[in-house]
1. Mind listing whichever residues of the stretch B:30-57 are more than 12 Å from B:Leu11 (Cβ to Cβ), within 13 Å of chain A (Cβ to nearest Cβ) and not small (Gly, Ala, Ser)?
2. Filter the stretch B:170-195 down to the residues that are of a type in the set (A, V, I, L, M, F, W, C) and either out of contact with any helix residue (DSSP H, G or I) (no Cβ under 6 Å at 6 or more places or on another chain) or open to solvent by less than 10 Å² (accessible area, probe 1.4 Å) (or both) and list them by number.
3. Which ones in the stretch B:140-155 are within 14 Å of chain A (Cβ to nearest Cβ) and either assigned to a helix (DSSP H, G or I) or farther than 14 Å from B:Pro107 by Cα (or both)?
4. For the condition over 29 Å from B:Gln114 (Cβ atoms), assigned to a helix (DSSP H, G or I) and open to solvent by 30 Å² or more (accessible area, probe 1.4 Å), what is the one hit in A:Leu188, A:Leu178, A:Leu162?
5. Does A:Ile114 qualify as being open to solvent by less than 40 Å² (accessible area, probe 1.4 Å) and assigned to a helix (DSSP H, G or I)?
6. State the number of residues belonging to the stretch B:151-173 that are in contact (Cβ under 8 Å) with a residue 60 or more places away in the chain and among the polar types (S, T, N, Q).
7. Could you tell me whether the stretch B:127-139 includes any residue that is touching a residue at least 60 places away in the same chain (Cβ under 8 Å), away from chain A (no Cβ under 14 Å) and open to solvent by 60 Å² or more (accessible area, probe 1.4 Å)?
Amino acid sequence: MLTYIIRRILISIPTIVFVSIVVFGLQLLLPGDPALALAGEERDPQLIAELRRIYHLDQPIWRQYLIWVGNVLQGNLGESIRLKMPVGDLVTAKLPVTMQLASMAILIATCVGIPMGIVSAVKKETILDYGANVVALSGISVPSFWLGIMMILLFSVNLGWLPASGFVKPSESLSQNLKTMIMPAFVLSSVTTAIFMRHTRSAMLAVLRSDYVRTARAKGLREPRVIFRHALRNAIIPVVTLGAIQLGELMSGAVLTEQIFTIPGFGKLIVDAVFNRDYAVVQGVVLCTATGFIFLNLCADLIYFLVNPRMRG
Amino acid sequence: MSASLLAVGALSTEFKTDQGRFRAVDEVSFSLEKGRTLGIVGESGCGKSVTALSIMGLVPSPPGYIVGGSIRFEGEELIGLTTERYQSLRGNRMGMIFQEPMTSLNPAFTVGDQIGEAIIRHEQVSQAESKRRTIELLRRVRIPSPEKRYDDYPHKLSGGMRQRAMIAMALSCSPDLLIADEPTTALDVTIQAQILELLAELRAETGMAIMLITHDLGVIAEMADEVVVMYAGRVIERAPAAALFASPQHPYTIGLMGSIPRLDLEQDRLAAIEGQVPNLVSLPKGCRFRARCPFAVAACAESDPPLIEVAAGHEAACLRAPLEVA
């Protein structure tokens, strides 16, 4: 058990190193010179040279990388050129917003997608199954920006139940916070809900045909116990693993949703940073997201390990 | 017949497939007395497993449906029984073990948990009592160090041990009937013998009846009191085991035994039965075995022969029975 965890963590390290190189390299692909952007209209050559020196833009790329990594390892993600704020502070300010959004979305997806998958597998080829499949297909195929706009139209403009945009910190007012977040979380969850439903359905269908479910029935167990204990316990294993990876997907999916609902999260931060060539912010955000993703993958493996007795040897 | 533990009469089970409906079990009748062993023999696809699942009420539906007949167990009609009542019989008065011990136990729960679950379900005993009884059952099916095995997950057990665990589960509430569907087919030969021996011992100890399904006549010879031979969904021969082996009457049974009595028509020895089981979706008219039968005559194409008594307690569904050695 312990050796497995240690081995799994060690495997993550080269991945993170690779990610950091890619993240650092990304800025080289972005068009434009940040020193020029900073120097403003006048383009004073002396100022430009000074700016290049301050931000190490005059150094060879590998040295720029090492300086950056060195700083990152000390917890210094650099400073936003535009906002004149440490990137670390920006990240800690915006990350909870996106995490709340993604967590709410995964919660909705779990509470809706998994029961829907179970029902459609148990009631295979009935109206319930077809209905659930239509919902899932819509969840995957309806673009989130469209769904978002339609929901704003319905719930904000026509019914006036929910605010169309904006964000209230949970520390200020939890009910206001939930009011602003529920629509974005729902929009963000739509694809994941559909994926959960489809995976739960196919896993349940396979398990319900299995010999051990027949054994459970041969024991005289009642159907709810057969389904929820004997079948679901096995069918849920791949879905749980998928869930951890989906949470990472949701973090990146939040970019678009945050734009639609103007929520000041990670997504908005990175979009603004890219448009302003605010490299330090882009790097910081992408590095945090990628590391988070790797961490969630690690969690997925560990969860798989915990819920699957065969893995424990 | 009223004393029979299990009386199956004209049982028919159909499956709906994309190719059409077919009758996996076609008017099958037999009975089984308390404490006896009935062997059901036939090649794969002959309907023997579906017969067993029909009795247990476990035919997957859709696509399978029992379309006719009767199954009386301890005098109670099982066809049309409420789900609740059926569930209280299964695993309690009738237990079943399956061909695949490797996949028949749930990988997510310990062996002890899965056996104890049946006891708690039917006898409402405490957790501690169910554990005590489960360990006792594991000991009875000769699983070494049962206290330790109780907490093992199925993947830690060998195929033979898993089949023993399955037997323990099926026997947990001392059923009157144990249906064993190819219990040894997936096991090594040496383990096969051990499992059969165990079943025989347990039958002697408990007085339960066993319905043993197999394609292996050797297993039948060793275990069964009476034998039902099935072919393409029908019973084609039914006899006490000794009589069946002494003078098999249906050409298919003879073929299964790998030998043919000398007849004036046919001199060759038949090592294997030539040809294929007919497609159940589009059965030919007449006897289902006709195309593969070395004794077939023109009349065999006319109608499917019913079971007729060829000797006391010995029935065969063949126009030419009794086949007399010339």
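The values are calculated or read from the model by the stated rules, or taken from the named source; none is laboratory data. The shown structure was predicted, so the numbers you read here are calculated from the model rather than taken from an experiment. With ideal geometry, Cβ positions are generated from the backbone for all residues, glycine too; neighbour counts draw on all protein chains shown. Just so you know, the surface numbers come from the protein's heavy atoms only, side chains and all, with ligands and any DNA or RNA stripped out. Shrake-Rupley method; radii C 1.70, N 1.55, O 1.52, S 1.80 Å.
1. B:Met56, the sole residue that qualifies.
2. B:Ala170, B:Leu171, B:Cys173, B:Leu177, B:Leu178, B:Ile179, B:Ala180, B:Ala186, B:Val189, B:Ala193, B:Ile195
3. Correct list: B:Pro154, B:His155.
4. Just a single option satisfies the conditions, and that option is A:Leu178.
5. Yes; evaluated as a whole, the condition is true for this residue.
6. Number of matching residues: 2.
7. Checked the stretch B:127-139: no residue is touching a residue at least 60 places away in the same chain (Cβ under 8 Å), away from chain A (no Cβ under 14 Å) and open to solvent by 60 Å² or more (accessible area, probe 1.4 Å).
Yes or no, residue by residue, for (1) small (Gly, Ala, Ser); (2) under 16 Å from A:Arg82 (Cα atoms); (3) surrounded by 14 or more Cβ atoms within 10 Å (Cβ to Cβ):
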position	(1), (2), (3)
A:Leu26	no, no, yes
A:Leu36	no, yes, no
A:Gln46	no, no, no
A:Arg53	no, no, no
A:Asp58	no, no, no
A:Ile61	no, no, no
